[in-house]
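Derivation of every value follows stated rules applied to the coordinates shown; laboratory data play no part. Bear in mind that the values here come from a model prediction, so they are computed numbers and not experimental data. Reconstructed Cβ throughout: ideal geometry from the backbone, glycine too, with neighbour counts over all protein chains shown.
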C-alpha cells in the first residue's frame, strides 16, 4: 500500500495522546469529531504554544466506477476481491502530500459480497474506499444524483465502508443526528468544515421516514449549515456541490446565480463560505473568483469508463478532469477570514488503456512528450479551467 506522508504520522501520534474524538457508525456521538493533522495538534496536546499554520487543500472530481472499471479492479486484484489502487497510483503523490484532500464519491457501495452494478443505477465495490484512503483522501462528498440508487441500504453500505477505513464523509447520512453534525477536519492549525449537497437524486424518493438521507441544494439551508459550522469551530468552510448541466462546458445559470448568492453571504462582515467545489457535469469547467471566493464549477471525472454524451457518441471530455489545489494562510487577527494564498490546478485524465489508469497529464507528457491525445486533453482542460478569468485572479497550472 502507498506510504502516507508525515501528516499521517502526526495524526496517529495525536490519536495516541487521546485527542481524537471518535464518531460512532450510527452517528450517535455527542460532538463534532475533528481529525488532527498538523504539528499544531501535537503542541496543543502537550500544552505548548505555536504560531498559526496554513495548509494546502487538494480536491478532485467524480469517482464513477462503471461496469468496466469494476472489471478492471477485479483483474488488478489478481485474486479475490477488487483493487482500485493501481488506477489511482499516479495521483497518490499529489493527494497524499496535501494537508487535506477531498474526493467526490458519486456512486454508492453494495454489500461486501455484491452484486455490483454500473450505469444507470450504480452499486460499487466497497473496496473503493480503501483505495481512496491509501491514495491520501481524508474526506469525500457523498451527495449526488446517484446517492439513492440503492435506497437507504446504499447510503448505509457506503458510509459504513468509509468509516471502516477512516475516510470522513459528508452529504448523506444514516441518522438525523449524523445529518445535523458538520464534518470537521484538521489541516495545519485550522479546523475545516466540509458540507455537501446535490441538485437531485434522479427521481428516487428519499427513504420513508429519512428526509435527512441526502442533502439537497437549498441556498438558505446551505448558508444556515455554514453558519452552524462556524459556531461549531470551523475556521474554513468548504461546500461541495453536485450541480450543473452534464456535457456543458460553461456553467449554467443555476450554478452562476447560486455561486453569487453563496459567496455574497456574510456574518459579522466575514464570508460564510470560503471555497466551493463543483462536480456532476463530467467534463472540466471553469474556476472563478466570485465575491472574493474561489468557485470551482466542475472538476470533471477522476474515475470513469467510456463516456457517451447526449448524442450517444463517445466523448473524450468525459475522462478529463482537474485536481484543484488551494493554499490557505491564517489571518493576521484571530477570528478573521483565512485567505487563499495560492490557487492552482493539475490537469488529469482517465486513460482508457487498457488498462484503465488515472494519469496526471503534465507528468505523463514529460515521460511521453509525443502523446498527441495527452496534449489535446491537457490543452482542453487548461482552456476550460481558465475560461472565466481565473488566470487574471491568480490561478495557475501546476507544471
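Can you give the FRET efficiency to the nearest 0.05 for residue 270 and residue 165, using r as the Cβ-Cβ distance and R₀ = 35 Å?
0.50
To check you understand DSSP bridge types, tell me what percent of the beta bridges within region 214-322 (both residues inside) are antiparallel, rounded to 5.
55
Roughly speaking, what % of Cα-Cα pairs in region 286-366 are separated by over 18 Å, rounded to a whole number?
56
Can you give me the three principal axis dimensions of the chain from its C-alpha atoms, in Å, biggest first?
Ordered largest first, the chain gives principal extents of 55, 48, 40 Å.
Take the Cα gyration tensor of region 54-177, multiply each eigenvalue by 5, square-root it, and list the three semi-axes largest first, rounded to whole angstrom.
The equivalent ellipsoid of region 54-177 has semi-axes of 21, 19, 12 Å.
Considering the convex hull of the alpha carbon atoms of region 205-251, report its projected area averaged over all viewing directions, in nm², one decimal.
Mean projected area for region 205-251: 5.1 nm², to one decimal.
I need the peptides 214-220, 82-88 ranked by packing, meaning the mean over residues of other C-beta atoms within 10 angstrom, with the highest value on top.
82-88, 214-220
Can you order the peptides 102-109, 200-207 by their average number of other Cβ atoms within 10 Å per residue, highest first?
Ranking, from highest mean packing down: 102-109, 200-207.
With just the Cα atoms defining each centre, how far is region 309-352 from region 123-166? Give it in Å.
If you average the Cα positions of each part, the centres end up 21 Å apart.
Could you tell me what percent of the DSSP beta bridges with both partners in the chain are antiparallel, to the nearest 5?
Antiparallel bridges make up about 50 percent of those DSSP assigns within the chain.
Okay, helix-only estimate at 222 nm for the chain: each DSSP H run of n ≥ 4 adds -39500 (n - 2.57), divide by all residues, round to 500 deg cm²/dmol; what do you get?
Result for the chain, helices only: -8500 deg cm²/dmol.
Taking a quarter of the surface of the Cα convex hull of region 338-386, what do you get in nm²?
4.5
Can you compute the modelled spin-label distance between residue 368 and residue 153, with each label point 7 Å from Cα toward Cβ, in nm?
4.0
Roughly speaking, what is the stretch gain from residue 246 to residue 329, that is 0.36 nm per residue apart minus the C-alpha to C-alpha distance, in nm to one decimal?
26.5 nm
To one decimal place, what orientation-averaged projected area in nm² is obtained for the convex hull of the Cα set of region 165-311?
For region 165-311, the mean projected area of the Cα convex hull comes to 10.5 nm².
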